[in-house]
Structure formats: C-alpha cells, structure tokens
Amino acid sequence: MDLLAAGAVPYPRGDDWVRGVSRSLKVLITGGAGFIGSTVASACIDAGIEPVIIDDLSTGREEFADGRALYRGDIGDPALVDRVVAEHPDISIVIHCAARIVVPDSVRGPLEYYEANVGKTIELLRSLRRNGIHRVIFSSSASVYDAEDGGAVTEDAPLAPSSPYARTKAMVEQILSDSAAAGELRAIALRYFNPIGADPRARSGLQHRDPSHALGVLISAYRRGGTFTITGADWPTRDGSGLRDFIHVWDLARAHVRAVERFDAVTEADPFQVINLGGGTGTTVRELVSAFERVTGGSVDVTVGGRRPGDVAGAYADAGRAADVLDWRAELTIDDGIRDSLAWAERFDPRS
Ligand SMILES: NC(=O)c1ccc[n+]([C@@H]2O[C@H](COP(=O)([O-])OP(=O)(O)OC[C@H]3O[C@@H](n4cnc5c(N)ncnc54)[C@H](O)[C@@H]3O)[C@@H](O)[C@H]2O)c1
C-alpha cells in the first residue's frame with residue numbers, strides 16, 4: 001500500500017495506540033540539521049512531506065534547518081520528544097539520523113559512542129512508544145558488513161562491524177529487530193554505502209572539517225595543490241586500489257522519501273526490514289581520481305602508499321532489494337557527486 005495514496009492507515013494489528021498516517025505526511029527527522037538529515041528533509045519538502053527536526057547542533061548547522069521546524073536538543077531527552085509530539089500530533093514516522101559518526105573518535109572513546117548512538121536511541125524509542133509513534137526509518141551503514149574482498153554484498157551478507165562506531169549501528173539494528181519482533185514498532189534500516197555530493201539546489205552539504213573519506217581527502221589535496229595518496233595498491237580489486245560504492249546524497253535522500261511513502265507496505269510481511277542504499281557498482285580509488293580529473297579538467301598529483309591499519313578492500317551494494325521494494329535506484333553518477341561536492345566545498349566555509 002502506498003501511504004500517500006491511502007489516506008489514514010491504521011497500524012496493521014488494528015491497535016488504536018498507534019497514530020494513523022494522514023494524507024499530509026509529517027515526519028520527525030532526528031539529526032535533521034546534519035549533512036544527510038538536512039538533505040533528507042529537503043527531499044521530503046520537495047515531495048510534499050513536512051519535516052520536523054530534533055538536533056542538538058553538536059555537528060549540525062542551524063542554517064541547514066532554515067524555514068523548518070527545528071527543536072534544538074537531545075534525542076535522549078524525553079521531555080523534548082513529548083513537547084515535539086504535543087506540538088505536532090500528526091507526526092507518523094521518525095527518520096532517525098542523529099548519531100556521532102567519526103570512526104577514530106569511536107575507537108578512542110567507545111563509551112561515549114555507545115552512550116550517544118545506542119543509549120540515546122533506546123531513550124528515543126521509549127519516548128516514541130510513549131507517544132504512540134511506531135514507525136522508524138534508521139540511518140544504518142554499510143560499515144556493518146565484512147568488506148574484506150571488494151565484492152558485492154546483499155543484505156544477508158555476514159556482518160563484521162570493525163569499529164565501535166560500526167558496532168553501534170549493528171546494535172541499533174538488533175534493538176529495532178527485537179522490538180519489531182515484540183510488536184512494539186516497525187522499522188526499516190537503510191544501510192548507506194558512501195555518501196558524496198550535496199543537495200543539487202545547494203540548501204545544505206557536508207559541514208565536517210577535513211572529511212577523511214577518499215573524495216574529501218582528494219578535494220583537500222586538489223585545493224591545496226598537494227599530493228593525494230592511494231593507501232594500498234595490492235587489494236583484490238580490478239586495479240589494486242580500494243573500492244567504494246559512492247552514492248549521491250540526493251539519491252540517498254530520495255530513497256528515504258520512498259521508504260516513508262511505502263512504509264506500511266514494505267514492513268507488512270516482516271516488521272523489520274534492512275535495505276542497502278548504494279549505487280550498485282563499485283568505484284576504485286584510482287577510478288575516483290580519473291573521474292575527479294575528468295570533472296575538474298585538471299590533474300591531481302597522486303602517490304601510492306601502504307595500506308593503513310584496519311583498512312579493507314571495500315565492498316559495493318547489491319541494490320536489488322531497494323529496486324524491488326522501494327522502486328528506487330541511484331540515478332546520479334559519480335561525476336555528479338564529485339561536481340556537487342566541489343561546488344559545495346567552494347561555497348561553504350566550515351569555520352564560519
Ligand atoms: N556520512 C556518512 O558517510 C554515513 C555513512 C553511513 C551512515 N551514516 C549515518 O547517517 C546519519 C547521519 O550522518 P551525517 O553524515 O549526516 O552526520 P552529521 O554529523 O552531519 O549528522 C548527525 C546530526 O545529528 C546531530 N546529533 C548528534 N547527536 C545528537 C543527539 N544526541 N541529539 C540530537 N541531535 C544529535 C548532529 O548535530 C548532526 O546534525 C548517522 O546516523 C550516520 O551514522 C553516515
């Protein structure tokens with residue numbers, strides 16, 4: 001069933017403790033002032049879905065929520081969630097993007113990461129249950145997979161999260177799965193691969209300083225006139241460099257709109273669903289450099305270094321389930337992602 005077409009949809013077991021989904025959809029987006037959450041909010045607005053945002057602005061930017069209902073505060077604050085729902089009783093779905101996301105920080109401070117990403121999510125889920133909101137879309141990550149061999153991964157591939165950050169994602173998935181089995185909620189975990197780019201209308205983009213992913217490092221090297229180091233050229237991939245599945249953040253955001261619109265149908269048979277969001281083809285780091293040079297028309301000074309501790313060959317998404325259940329596939333290319341990332345980096349000053 002398509003929620004938008006369906007009008008008021010009661011929760012399937014007929015229970016009246018779950019609010020229905022009204023024709024004018026309203027979603028709560030946690031972390032909606034961050035890179036991905038703000039882009040999801042923009043895609044929702046463009047699709048006629050109204051976002052309400054909770055963000056503590058720890059890494060998010062107030063201006064990314066301009067013109068949107070923004071509640072500044074913590075997802076783990078029950079009084080705040082109660083107030084948001086009291087003021088927006090027609091919220092029917094939560095898109096839970098809020099998290100701490102820096103892998104090395106999670107290695108140095110695991111307790112803080114488990115508290116921020118797992119502990120506060122449990123508190124949020126309690127608050128949502130108390131307020132009768134039982135539909136959750138969760139920002140998960142491809143970092144939960146074992147990505148040793150540079151191949152495609154389906155949603156059923158073995159999990160081997162290799163950092164505390166990645167383990168927080170796997171744990172929240174488990175919590176959602178158990179809660180769904182207990183009939184407490186329904187959930188869709190969207191496992192993002194490697195988001196790049198920015199909102200094509202430049203409403204928001206990446207706000208983190210010195211991003212450590214390959215494209216961020218490449219852009220920094222290009223702008224400084226420095227050298228880009230390929231870390232490892234002996235991986236089991238087609239050209240020996242590591243492999244990623246870059247996904248334009250706008251494509252990612254559009255997939256959330258589909259997940260909102262189709263939520264009840266997608267979770268009908270199984271109340272907990274996992275869906276990969278990737279381009280479905282891998283790009284090696286060398287291919288990324290070639291694409292970068294194609295887009296910029298310039299050349300990048302490249303050197304080959306050794307593997308870094310903890311690195312893996314990488315993996316790309318088998319994106320078949322997203323096509324089947326969300327009728328979604330990535331449409332923007334790696335060149336689009338590089339172009340939009342560069343355009344955003346030109347206009348955004350992370351020190352401002
Ligand atoms: N960026 C990626 O490469 C990537 C890849 C896979 C999954 N994800 C997931 O996507 C989600 C969004 O990531 P992002 O890249 O937009 O990061 P981000 O740091 O830009 O966004 C996170 C947002 O959550 C807010 N936040 C953090 N803790 C909060 C709390 N306790 N209460 C309220 N707000 C809080 C921050 O202020 C920020 O606006 C995260 O859950 C992340 O794990 C990101």
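The values are calculated or read from the model by the stated rules, or taken from the named source; none is laboratory data. These numbers were taken from a predicted model, which means no experiment stands behind them. Cβ atoms come from the backbone with ideal geometry, glycine included; neighbour counts cover every protein chain shown. Please note that ligands, DNA and RNA were not included when accessible areas were found on the heavy atoms of the full protein model with its side chains. Shrake-Rupley method; radii C 1.70, N 1.55, O 1.52, S 1.80 Å.
Taking the options Arg191, Arg224, Arg201, name whichever one is of a type in the set (Lys, Arg) and in contact with a strand residue (DSSP E or B) (Cβ under 8 Å, 6 or more places away or on another chain).
On the way: Arg224 fails: in contact with a strand residue (DSSP E or B) (Cβ under 8 Å, 6 or more places away or on another chain); Arg201 fails: in contact with a strand residue (DSSP E or B) (Cβ under 8 Å, 6 or more places away or on another chain).
Just one listed residue meets the conditions, Arg191.
Please pick out the residue among Asp301, Asp324, Asp318 that is among the acidic types (Asp, Glu), open to solvent by 70 Å² or more (accessible area, probe 1.4 Å) and in contact with a strand residue (DSSP E or B) (Cβ under 8 Å, 6 or more places away or on another chain).
Exactly one residue qualifies, and that residue is Asp301.
Regarding segment 117-126, can at least one residue be identified that is part of a loop (DSSP other than H, G, I, E, B) and either modelled with pLDDT of 95 or more or not basic (Lys, Arg) (or both)?
Scanning segment 117-126, I find no residue that is part of a loop (DSSP other than H, G, I, E, B) and either modelled with pLDDT of 95 or more or not basic (Lys, Arg) (or both), so the answer is no.
Residue check, Ser220 against (1) under 20 Å from the mean Cα position of the chain (by Cα); (2) closer than 19 Å to Asp335 by Cα; (3) of a type in the set (Ser, Thr, Tyr), all met but one. Which one?
(1)
Is one or more of the residues making up segment 26-38 surrounded by fewer than 22 Cβ atoms within 10 Å (Cβ to Cβ), away from the ligand (no atom under 15 Å from the Cβ) and modelled with pLDDT under 95?
Applying the first criterion (surrounded by fewer than 22 Cβ atoms within 10 Å (Cβ to Cβ)) to segment 26-38 yields 26.
When the remaining residues are screened for being away from the ligand (no atom under 15 Å from the Cβ), the result is 26.
Then keep just the ones that are modelled with pLDDT under 95; that gives none.
For segment 26-38, residues surrounded by fewer than 22 Cβ atoms within 10 Å (Cβ to Cβ), away from the ligand (no atom under 15 Å from the Cβ) and modelled with pLDDT under 95: absent.
Go through segment 113-127 and give me each residue that's in contact (Cβ under 8 Å) with a residue 12 or more places away in the chain and within 11 Å of the ligand (Cβ to nearest atom). Explain how you work it out, then say what you get.
Kept after step one, since they are in contact (Cβ under 8 Å) with a residue 12 or more places away in the chain, are these residues of segment 113-127: 113-114, 116-127.
Result: Tyr113, Ala116, Asn117, Gly119, Lys120, Thr121, Glu123, Leu124.
Please state which one of Asp82, Asp66, Asp105 is on the phi < 0 side of the Ramachandran plot and touching an Asp or Glu at 6+ places or on another chain (Cβ under 9 Å). Working first, answer last.
Working: Asp82 fails: touching an Asp or Glu at 6+ places or on another chain (Cβ under 9 Å); Asp66 fails: touching an Asp or Glu at 6+ places or on another chain (Cβ under 9 Å).
On inspection, the qualifying residue turns out to be Asp105.
Name every residue in segment 52-78 that is near the ligand (Cβ under 8 Å from one of its atoms) and either open to solvent by 70 Å² or more (accessible area, probe 1.4 Å) or closer than 21 Å to Pro350 by Cβ (or both), in order of residue number.
Passing the criteria: Asp55, Asp56, Leu57, Ser58, Thr59, Gly60, Arg61, Phe64.
Quick check on my filter: what residues within segment 170-179 are surrounded by fewer than 20 Cβ atoms within 10 Å (Cβ to Cβ) and touching a residue at least 60 places away in the same chain (Cβ under 8 Å)? Let's see the steps before the verdict.
Within segment 170-179, the first condition is being surrounded by fewer than 20 Cβ atoms within 10 Å (Cβ to Cβ), and the residues that meet it are 170-171, 174-175, 177-178.
Residue satisfying the conditions is Ser177 alone.
Please verify whether segment 149-169 includes one or more residues that are under 20 Å from Gly37 (Cβ atoms), of a type in the set (S, T, N, Q) and either in a loop (DSSP other than H, G, I, E, B) or touching a residue at least 12 places away in the same chain (Cβ under 8 Å) (or both).
Here is the first cut: in segment 149-169, the ones under 20 Å from Gly37 (Cβ atoms) are 165-166, 168-169.
Then keep just the ones that are of a type in the set (S, T, N, Q); that gives 168.
Now narrow it down to the ones that are either in a loop (DSSP other than H, G, I, E, B) or touching a residue at least 12 places away in the same chain (Cβ under 8 Å) (or both): 168.
Looking for residues that are under 20 Å from Gly37 (Cβ atoms), of a type in the set (S, T, N, Q) and either in a loop (DSSP other than H, G, I, E, B) or touching a residue at least 12 places away in the same chain (Cβ under 8 Å) (or both), one finds at least one in segment 149-169, hence yes.
Which one of the conditions (1) closer than 22 Å to Ala317 by Cβ; (2) surrounded by fewer than 24 Cβ atoms within 10 Å (Cβ to Cβ); (3) touching a residue at least 12 places away in the same chain (Cβ under 8 Å) does Gln207 fail to meet, given that it meets all the rest?
So Gln207 meets the others, but not (1).
Are there any pairs with C-beta distances below 6 angstrom linking a residue in segment 183-197 that is open to solvent by 10 Å² or more (accessible area, probe 1.4 Å) and part of a strand (DSSP E or B) to a residue that is within 14 Å of the ligand (Cβ to nearest atom) and of a type in the set (Phe, Trp, Tyr), with the two at least 6 apart or on different chains, and if so which?
Between residues of segment 183-197 that are open to solvent by 10 Å² or more (accessible area, probe 1.4 Å) and part of a strand (DSSP E or B) and residues that are within 14 Å of the ligand (Cβ to nearest atom) and of a type in the set (Phe, Trp, Tyr), the close pairs are Asn194/Phe246.
Just checking, does segment 129-141 include any residue being open to solvent by 20 Å² or more (accessible area, probe 1.4 Å) and near the ligand (Cβ under 10 Å from one of its atoms)? I'd like the intermediate steps shown before the answer.
Residues of segment 129-141 that are open to solvent by 20 Å² or more (accessible area, probe 1.4 Å), as a first pass: 129-131.
From what is left, the residues that are near the ligand (Cβ under 10 Å from one of its atoms) are none.
No, because not a single residue in segment 129-141 is open to solvent by 20 Å² or more (accessible area, probe 1.4 Å) and near the ligand (Cβ under 10 Å from one of its atoms).
Kindly indicate whether Val302 is closer than 26 Å to Leu342 by Cα and not in a helix (DSSP H, G or I).
Answer is yes for this residue.
Which of (1) within 15 Å of Gly31 (Cα to Cα); (2) open to solvent by 20 Å² or more (accessible area, probe 1.4 Å) is the odd one out, the single condition Ala116 does not satisfy?
The failed condition is (2).
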